[in-house]
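Laboratory data are not the source of any read-out in this text; all were calculated from the coordinates shown. The shown structure was predicted, so the numbers you read here are calculated from the model rather than taken from an experiment. So basically every Cβ, Gly included, is an ideal-geometry build from the backbone, and we count neighbours across all protein chains shown.
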Amino acid sequence: MNPVVHFELPCDDRERIARFYESAFDWTCQRLGPEMGNYVLATTAEQDAKADAPRGAINGGFFQRDASKPAQMPGIVIGVRDIRDAMRRVESAGGQVLGEPMDIPGVGAYVAFLDTEGNRGSLLQPQG
């Protein structure tokens, strides 16, 4: 089974969206630099050295909306063991892979897709 490991939401103003979720839900937002596309990581559940985050909790992030790219909508990120195999499975099931995997330093290989209903999702093969 391949679990949901992350969520993503588009934004027009990364400072505004970070302030909103920090204020409304006490999330911690880490604003990354231009080398990471000005992405904002959102921590929704704390972890400590003895235990993982609460069962079922996932963290996420906010990406800068870009009209030149497809599928600028909320999505989920699914953790997979083999991104190329997962891409083939998405296409075999009737979905559409959006481009080629990109390497996210310190994280792993990532590529977005559309399911048969036009919903955006992403695949992540953790670095390892």
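For the reader, a short list of remarks on this structure follows.
- Rounded to 5, the percent of DSSP beta bridges in region 6-65 classed as antiparallel: 55 percent
- With respect to the chain, whose longest principal axis is taken over its alpha-carbon atoms, helix 83-92 is tilted by about 60°.
- Answer label, with Kirkwood radius over Cα pairs in Å calculated from the coordinates and candidates (1) 14.6; (2) 19.1; (3) 15.5: (3)
- Computed from Cα atoms, the angle from the helix 14-25 axis to the main principal axis of the chain rounds to 70 degrees.
- Positive-end extreme of charge dipole, the chain - chosen from Cys29, Val111, Leu9 (charges on Cβ): Val111
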